[in-house]
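Participant: What follows is a structure written as structure tokens; I'll ask about it next.
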Amino acid sequence: MAAAARGTGVCARGTVASVRGAATSARGTASSARGTVASAPETAGGTWGTAGGTRGTAGAITPRVMDVTDSAAVTALVDDVVREHGALDLLVNVAGILRTAPVAELTDADWAETFAVNTTGVFHTSRAAAAHMTARGSGCIVTVASNAAGIPRTGMAAYAASKAAATMFTKCLGLEIARSGVRCNVVAPGSTDTAMQRALWPEGHQDVPRSVIDGDPATYRTGIPLGRIAAPQDVAEAVLFLASERARHVTLQELYVDGGATLR
């Protein structure tokens, strides 16, 4: 299963699907909630194949396009996956956009579009997937939120609030459907080496700015105790754990993957 700081995934029986998209810029350029869904069968050894082939040998990949802000499109795609494969085992919510600005400078459009993707998108996909999972009596939903949902950040009010809402939504959903055998958990990454993270760096920077590692007292931001930012694979491994049988008794939990940056 391909997992990154951005994207959404659905997994049918023996099939992993990842929606990658939501191209975003910290400087307020146009963002999109559209993404490509790539499905790949589970490998013979029971390990989820990845689009990059980094965990086992991935099977056939079927690309699709979906807009998580479009409720009807989400429902149609999930229904189609179930018709094609017979069941739905896993949903991974990772689609997201970032609009940074002080609250006084945030536009109505920035606020609405951030919530449309980061929060309402999670609602659309989770509702559609949960309907099939509860009927079957098993399944797993993982929402990739952000450590910004648990610690204030200057200039990130819309993003942090949207991720906090998605986090609590996922936990509430998990409580409602736990008796149906469906688990719902959250992965909360910190700074991760993605296009979204690099858009926050000073123009021309190829290496991680020291302020990301050491923190920035001027903006009240702590550093990262482990001394590095995460790789996308670090986040993917956390998702894979929560999606696996090793986490069969884990639900309503929030797993921080931020190198200790939130000091929790």
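Participant: May I ask you to give the solvent-accessible area per residue for region 145-238, in square angstrom, as obtained with a 1.4 angstrom probe?
Facilitator: Here the residues of region 145-238 average 48 Å² of exposed surface.
Participant: Taking 0.36 nm per residue of separation and subtracting the Cα-Cα distance, what length does fully extending residue 219 through residue 172 add?
Facilitator: Working it through step by step, the gained length comes to 13.7 nm.
Participant: Quick check: residue separation of residue 135 and residue 195 times 0.36 nm, minus the Cα distance between them. What number comes out in nm?
Facilitator: Length difference between fully extended and current span is 17.8 nm.
Participant: What is the sum of charges around residue 183, taking Lys and Arg as +1, Asp and Glu as -1, for the other residues whose C-beta is under 14 Å from the C-beta of residue 183?
Facilitator: +1
Participant: Work out, step by step, the length gained on full extension between residue 252 and residue 65: first 0.36 nm times the residue separation, then minus their alpha carbon distance; give nm to one decimal.
Facilitator: Between residue 252 and residue 65, full extension yields an extra 64.4 nm.
Participant: DSSP loop (so not H, G, I, E, B), at most 16 other Cβ within 10 Å: list which trypsin sites (Lys or Arg not before Pro) in region 83-172 pass both filters.
Facilitator: Here the trypsin sites (Lys or Arg not before Pro) that fit, given the DSSP loop and packing criteria, are 153.
Participant: Just the number, please: carbon plus sulfur as a percent of the accessible area of region 171-225, 1.4 Å probe, no ligands or DNA/RNA counted.
Facilitator: Solvent-exposed carbon and sulfur of region 171-225 make up 51 percent of the total.
Participant: Amide H of residue 89: which non-local residues (sequence gap of 5 or more, or other chain) have their own amide H closer than 5 Å, using H built in the peptide plane?
Facilitator: Correct list: 11, 12, 13.
Participant: Would you mind computing, in nm to one decimal, how far apart the modelled labels at residue 264 and residue 127 are, each placed 7 Å from Cα along Cα→Cβ?
Facilitator: Taking the two extended label points, one gets 2.7 nm.
Participant: How big is the accessible area of residue 180 in square angstrom, nearest 10, if you roll a 1.4 angstrom probe over the protein chains?
Facilitator: The value for residue 180 is about 40 Å².
The values are calculated or read from the model by the stated rules, or taken from the named source; none is laboratory data. Since the model is a prediction, treat every value here as computed from it, not as a measurement. Backbone-built Cβ (ideal geometry, glycine too); neighbour counts: all protein chains shown. The accessibility values were calculated without ligands, DNA or RNA, using every heavy atom of the protein model including side chains. Shrake-Rupley method; radii C 1.70, N 1.55, O 1.52, S 1.80 Å.
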